[in-house]
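One structure below.
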Amino acid sequence: MGLSIFPFIYALIIGLAAVVHGAVGIGFPMVATPLLAMVTDVKTAVLILVLPTVFINTANIIKGGRWEKSIARHWPLALYGMAGSFMGTRLLVTLPPELFRPLLAGVIILYLNSHRLGLGFSWIPARPRLAAAVFGIFAGILGGTVNVMLPALVIFALEIKMDKTAMIQVFNLCFLTGKLVQGAVFMSAGLYTQEVVTTSFPLAVLALALMAGAMSLRDRIQEETYRKWLRILLWVMASVLVIQFGKHLA
């Protein structure tokens, strides 16, 4: 898999993603996965990110607090995400991951233009339990295949008007449980080797340290600004996916 070819580049990418996650509470796999995929293949990128993501998400859940207003209310979303993550990771193990890039990009772009296109998600707040199942499973499938749960979770959270602290807590719980399931599937498939652990462990420690340093920025960000940043991140993600898929076709 060529895990030892670009150690400095791996560290630079994971460090950048950790700082972003520390500042806004989300975004580590969303930033790191496409950047790592530019210097290695997608499956290797996902394997490398299992351990750093577990470290990052665990720290964010512990730091956030107020679990009674976030995790206690929205824990079924993570449960559905685990089921979706199992399905998605099985697909990643058996199918070319590039097949899922245009699907993800299309869903993001559709949501960001939904009001302009006359397509609404008004049923989400009206039927939150059904929406949690639909978007939780879909988020897990996306996380298992392209390592990015965020678009589906953001759609759900914005439509039910989840507050910033709850978003961070719930998203990180979904990322953590989904990543644990993904790691288990990788191990059962014989893909999570000692070489992967040796490469990813120091990167996980680096990510945790840099994220902790960037956390001081989080409380200075106003909630409306935070929501705008989420939408900007979705546009960036969609653009990266389209570009990578175009390169794959070329």
### Query
For Leu191, are the conditions met, namely being part of a loop (DSSP other than H, G, I, E, B), more than 29 Å from Arg129 (Cα to Cα), of a type outside the set (S, T, N, Q) and touching a residue at least 40 places away in the same chain (Cβ under 8 Å)?
yes
### Message
When you check Leu36 against the structure, is it at pLDDT 90 or above, part of a helix (DSSP H, G or I) and within 29 Å of Arg218 (Cα to Cα), yes or no?
### Response
no
### Query
If you check Val46 against the conditions, is it crowded, with 17+ Cβ neighbours inside 10 Å, at pLDDT 80 or above and closer than 30 Å to Gly246 by Cα?
yes
### Task
Hey, can you tell me all the residues within the range 23-35 that are under 14 Å from the mean Cα position of the chain (by Cα) and in contact (Cβ under 8 Å) with a residue 24 or more places away in the chain?
Val24, Gly25, Ile26, Gly27, Phe28, Pro29, Met30, Thr33, Pro34
### Task
Starting from residues that are free of Cβ contacts under 8 Å to residues at least 40 places away in the same chain and of a type outside the set (Gly, Ala, Ser), keep the ones in the range 147-187 and report whichever is nearest to Ile109 (Cα to Cα).
Glu159
### Query
Which condition does Lys164 not pass, out of (1) more than 27 Å from Leu92 (Cβ to Cβ); (2) out of contact with any Phe, Trp or Tyr (no Cβ under 9 Å at 6 or more places or on another chain); (3) of a type in the set (Lys, Arg), if it passes all the others?
(2)
### Query
Going by the structure shown, is Thr177 of a type in the set (S, T, N, Q), farther than 17 Å from Ala45 by Cα and modelled with pLDDT of 90 or more?
yes
### Task
Determine which member of the set Leu173, Leu130 is assigned to a helix (DSSP H, G or I), surrounded by fewer than 21 Cβ atoms within 10 Å (Cβ to Cβ) and hydrophobic (A, V, I, L, M, F, W, C).
Leu130
### Task
Confirm whether Ser239 is part of a helix (DSSP H, G or I), more than 20 Å from Pro151 (Cβ to Cβ) and hydroxyl-bearing (Ser, Thr, Tyr).
no
### Summary
Among residues of the range 77-98 being of a type in the set (Gly, Ala, Ser) and at pLDDT 95 or above, the residue nearest to Thr33 (Cα to Cα) is Ser85
### Query
Got at least one residue in the range 211-233 being surrounded by 14 or more Cβ atoms within 10 Å (Cβ to Cβ), of a type outside the set (Val, Ile, Thr) and touching a Phe, Trp or Tyr at 6+ places or on another chain (Cβ under 6 Å)?
no
### Summary
Scanning the range 198-232 residue by residue, those at pLDDT below 75 and within 20 Å of Gly143 (Cα to Cα) turn out to be Leu230
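The values are calculated or read from the model by the stated rules, or taken from the named source; none is laboratory data. Note that this is a predicted model, so its numbers are computed, not measured. All Cβ positions, even for glycine, are placed from backbone atoms using ideal geometry, and neighbour counts span all protein chains on display.
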